Amino acid sequence: VREIARLNGRPLLLIHGEGDTDIAISNSERLQQAYPAAHLLRIPGAPHVKGFQTDRTLYLTELTAFLASL
């Protein structure tokens, strides 16, 4: 949370599976709160690092929109 401020307003996409049992989604929520330029993509039901495999359509739609906004 302390280091995220070093991004100095640059866009950041956080991707977190809501079914992640390795790292609580509250970690990504805290990062988003600490860094307003961050966008948090929540993948319903996705376990740790399986967002793309869980919902490819949502993942690609949100990633494409994020990149288009840059």
Original post:
Roughly how compact is the stretch 2-70, stated as its Cα Rg over 2.2 N^0.38 Å to two decimals?
Top reply: 1.11
Subject >> Gain upon complete extension [LEU67, GLU18; 0.36 nm per residue less C-alpha separation] >> reply: 15.4 nm
Subject >> Nearest-0.05 FRET efficiency for GLU3 and LEU40, computed from C-beta distance (R0 30 Å) >> reply: 0.95
Original post:
Which residues in the stretch 1-40 have a backbone N closer than 14 Å to a point placed 7 Å from the Cα of LYS50 along the Cα-to-Cβ line?
Top reply: 17-23
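Coordinate-derived values only; no laboratory data. These numbers come from a predicted model, not from an experiment. All Cβ positions, glycine included, derive from the backbone under ideal geometry; neighbour counts span all protein chains shown.
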